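A.B. asks: Handing you this structure, nothing more for now.
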Amino acid sequence: MYNYRELIVWQKSMDLVELVYKVTATFPDEEKYGLTRQIRRSTVSIPSNIAEGTGRNSKKVFRNFLEISNGSINELKTQLEISKRLGFTSKNELETILNLCDEVQKMTFTLIKKYTNP
């Protein structure tokens, strides 16, 4: 269907992964197998699902993978809010990441709308 590397939404979601990894590197060691791992997994699943969806030969399936990516974004946002409440993330770090999440989510919603009527 697409070369996922050419999709701006994939590129932006990869930027999100890099940013999240940098921020979570400062989390307490005791969170290494807890919140840090969970945040990183949900972040990595965003571009991964976009890429996987482009590898399918169906607009309907691609749309489904975009919806899964959106679910991962919401999961990430929740986990980041938890990290803020626990004092692991600053307000500025949180806002920067959430703004990028919103940007990626808007792009996925646009693509989803494009494939609503196959």
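The values are calculated or read from the model by the stated rules, or taken from the named source; none is laboratory data. Keep in mind that what you see is a predicted model, and the values were worked out from it rather than measured. Don't worry about glycine lacking a Cβ; one is built from the backbone with ideal geometry, like all the others, and counts go over all protein chains shown. Quick note on the areas: whole protein, heavy atoms, side chains included, nothing else; ligands and nucleic acids left out. Shrake-Rupley method; radii C 1.70, N 1.55, O 1.52, S 1.80 Å.
A.B. asks: Please verify whether the range 25-36 includes one or more residues that are hydroxyl-bearing (Ser, Thr, Tyr), modelled with pLDDT under 95 and assigned to a helix (DSSP H, G or I).
C.D. replies: Checked the range 25-36: no residue is hydroxyl-bearing (Ser, Thr, Tyr), modelled with pLDDT under 95 and assigned to a helix (DSSP H, G or I).
A.B. asks: Can you pull out the residues in the range 1-33 that are more than 19 Å from residue 110 (Cβ to Cβ), charged (D, E, K, R) and open to solvent by less than 70 Å² (accessible area, probe 1.4 Å)?
C.D. replies: Going residue by residue through the range 1-33, those that are more than 19 Å from residue 110 (Cβ to Cβ) are 17-33.
Next, only the ones that are charged (D, E, K, R) stay: 18, 22, 29-32.
The answer is 31, and nothing else.
A.B. asks: Still on this model: Taking the conditions exactly as written (assigned to a helix (DSSP H, G or I) and among the polar types (S, T, N, Q)), does residue 78 satisfy them or not?
C.D. replies: yes
A.B. asks: With the requirement that a residue be over 10 Å from the mean Cα position of the chain (by Cα) and over 15 Å from residue 62 (Cβ atoms), what does the range 1-19 give you?
C.D. replies: Answer for the range 1-19, where residues must be over 10 Å from the mean Cα position of the chain (by Cα) and over 15 Å from residue 62 (Cβ atoms): 5, 8, 11, 18, 19.
A.B. asks: Which residues, counting only those in the range 34-73, are of a type in the set (Val, Ile, Thr) and either open to solvent by less than 40 Å² (accessible area, probe 1.4 Å) or in contact (Cβ under 8 Å) with a residue 24 or more places away in the chain (or both)? Don't jump to the end; show me each part of the working.
C.D. replies: Kept after step one, since they are of a type in the set (Val, Ile, Thr), are these residues of the range 34-73: 36, 39, 43-44, 46, 50, 54, 61, 68, 73.
If the condition is that a residue be of a type in the set (Val, Ile, Thr) and either open to solvent by less than 40 Å² (accessible area, probe 1.4 Å) or in contact (Cβ under 8 Å) with a residue 24 or more places away in the chain (or both), then 36, 39, 43, 44, 46, 50, 54, 73 are the ones that fit.
A.B. asks: Report, by residue number, each residue of the range 89-118 that is open to solvent by less than 50 Å² (accessible area, probe 1.4 Å), closer than 22 Å to residue 59 by Cα, of a type in the set (Ser, Thr, Tyr) and over 14 Å from the mean Cα position of the chain (by Cα).
C.D. replies: Within the range 89-118, 115 is the sole residue that qualifies.
A.B. asks: Is at least one residue of the range 74-87 of a type in the set (A, V, I, L, M) and surrounded by 17 or more Cβ atoms within 10 Å (Cβ to Cβ)?
C.D. replies: There is at least one residue in the range 74-87 that is of a type in the set (A, V, I, L, M) and surrounded by 17 or more Cβ atoms within 10 Å (Cβ to Cβ).
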